[in-house]
Amino acid sequence: MIDPTGLVVAAAVLAAATLFGLVRARRDGRLRDGGRGRGALRFSSGELGADLGERATLVQFSTALCATCPGTRRLLAGVAAATPGVRHVEIDAEARLDLVRRAEVMRTPTVLVLDPAGRVVRRASGPPSRADVMAAVELATAG
Amino acid sequence: MPDRSPRVPVHVDPRGPRFAAVLTTLVLVLALATGSGVLLAAQAVVFALGAVLGLRRSPYGWLYRRLVRPRLGPPRELEDERPPRFAQGVGLAFAVLGAAGYLSGAGWLGVAATAAAVAAAFLNAAFGYCLGCEAYLLAVRGRARLGQG
């Protein structure tokens with residue numbers, strides 16, 4: 001009992017999902033330019049509820065229902081612990097929808113790398129790599 | 001006595017949900033290719049067990065522990081059960097919709113809903129990408145917007 005329509009749809013969905021998955025895997029967590037013009041977006045320590053780092057602040061948006069957030073938390077906390085002047089601030093996206101809207105966060109984890117003045121210099125949606133985070137920290141420090 | 005407090009999240013071997021996603025993909029593709037509302041309804045029951053009782057009580061979780069896990073080493077890390085469990089709930093919604101479509105004669109609804117479920121299950125199985133979890137923040141944002149309006 002083969003349903004020809006269903007069979008065609010199944011093949012099409014699997015092909016489309018494969019393409020989507022490959023593109024996503026390539027882009028995921030890539031740290032890109034801060035968004036709408038460099039330095040356009042800025043957060044104060046009061047808004048974040050934490051002091052800014054002297055060199056850089058790694059702001060991570062997370063939710064409880066995010067499978068990759070704990071791994072990103074470990075990575076960023078590790079970088080902050082190993083690099084003087086760098087702080088890791090984790091934001092509960094559900095509790096801070098004001099920040100979510102301002103930063104246009106669509107998924108978790110989203111990571112913003114802030115310079116000492118709180119300007120967003122790099123952002124990643126999806127879990128970033130350690131090398132990318134270190135490079136972004138250098139960029140933030142260089143101002 | 002089992003701890004039911006939501007403050008203490010259950011942690012599971014992440015390879016379990018991945019294995020379950022592979023089985024789910026196979027079952028859903030079979031349901032789509034044969035237009036079987038009954039098979040889809042059976043998968044809906046599996047989703048429901050995972051979402052309501054927890055991943056360990058789902059039949060696929062049981063199969064993983066009985067057949068697969070003994071052949072693998074211990075997991076390198078455990079993961080919070082809540083994201084994949086939430087995704088089981090999303091899968092349940094689509095499977096129920098699809099089964100209702102097939103069984104009531106609205107074949108197009110069955111095909112559309114099952115296709116969406118196949119896409120999500122396959123992305124999880126092949127890439128470890130949890131579509132249901134990604135949808136969660138968008139759902140929260142949308143709900144907050146409605147609340148304001």
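The values are calculated or read from the model by the stated rules, or taken from the named source; none is laboratory data. Nothing here was measured: the structure is a model prediction, and the numbers come from that model. A quick note on method: Cβ atoms are made from the backbone with ideal geometry, for glycine too, and the neighbour counts reach across all protein chains shown. For accessibility, only protein heavy atoms count, side chains too; no ligands or nucleic acids. Shrake-Rupley method; radii C 1.70, N 1.55, O 1.52, S 1.80 Å.
A few points about this structure:
- Projecting the Cα atoms of B:Phe86, B:Ala120, B:Leu49 onto the dipole axis of region B:37-141, where Lys and Arg carry +1 and Asp and Glu carry -1 at the beta carbon, places B:Leu49 farthest toward the positive end.
- Exposed loop sites are taken as trypsin sites (Lys or Arg not before Pro) in a DSSP loop (any state but H, G, I, E or B) with at most 11 other beta carbon atoms within 10 Å; the longest stretch of chain B without one runs B:77-149.
- Sparse-neighbour loop sites [trypsin sites (Lys or Arg not before Pro); region A:1-101; at most 11 other C-beta within 10 Å; DSSP]: A:Arg36
- Projecting the Cα atoms of A:Ala136, A:Val8, A:Ala82 onto the charge dipole of chain A (Cβ charges, centred on the Cα centre) puts A:Ala136 farthest toward the positive pole.
- Taking every DSSP bridge with both residues inside region A:31-142, close to 65 percent are antiparallel.
- Judged by the gyration tensor of its Cα atoms, with axes a ≥ b ≥ c, region B:29-70 is oblate; a/c meets the 1.5 cut and b/c is at least as large as a/b.
- For B:Leu92, the solvent-accessible surface computed with a 1.4 Å probe is close to 40 Å², ligands and nucleic acids excluded.
- Note that region A:67-73 has calculated 3J(HN,Hα) couplings of 5, 9, 4, x, x, 5, 4 Hz, one per residue in order, obtained from phi through the Karplus relation 6.51 cos²θ - 1.76 cosθ + 1.60 (θ = phi - 60°); glycine and proline are x.
- Simple Cβ-charge dipole of region B:11-148, Lys/Arg +1 and Asp/Glu -1, about Cα centre, in debye nearest 20: 280
- Between A:Val113, A:Val105, A:Val59, the Gaussian network model of chain A with springs among Cα atoms under 10 angstrom shows the greatest mean-square fluctuation at A:Val105.
- Degrees, to the nearest 10: A:130-142 long Cα axis against longest axis of chain A: 40
- Degrees separating the helix A:4-27 axis from the principal Cα axis of chain A, which is the longest one: 20
- For region B:113-145, heavy-atom accessible area (probe 1.4 Å) falls by no less than 50 Å² from the chain alone to the full protein assembly at B:Phe122, B:Phe127, B:Tyr129, B:Glu134, B:Tyr136, B:Leu137, B:Arg141.
- Rounded accessible area of A:Leu7 (nearest 10 Å², 1.4 Å probe): 90
- Choice from B:Ala125, B:Ala135, B:Ala95 showing the highest fluctuation, given a GNM over chain B with Cα pairs closer than 10 Å: B:Ala135
- Within the protein assembly as shown, percent of DSSP bridges classed antiparallel, to nearest 5: 70
- Solvent accessible area, Å² - B:His11, 1.4 Å probe, full protein context: 80
- In chain A, the DSSP-assigned H stretches of four residues or longer account for a calculated mean residue ellipticity at 222 nm of -13500 deg cm²/dmol, using -39500 (n - 2.57) per stretch and the full residue count as denominator.
- Anisotropy class assigned to chain B is oblate, per the alpha carbon gyration tensor with a/c at or over the 1.5 cut-off and a/b no larger than b/c.
- Gyration tensor verdict on region A:31-142 (Cα atoms; rounded if a/c is under 1.5, prolate if a/b is larger than b/c, oblate otherwise): rounded
- Helix-only CD estimate at 222 nm, as mean residue ellipticity for chain B, using -39500 (n - 2.57) per DSSP H run (n ≥ 4): -23000 deg cm²/dmol
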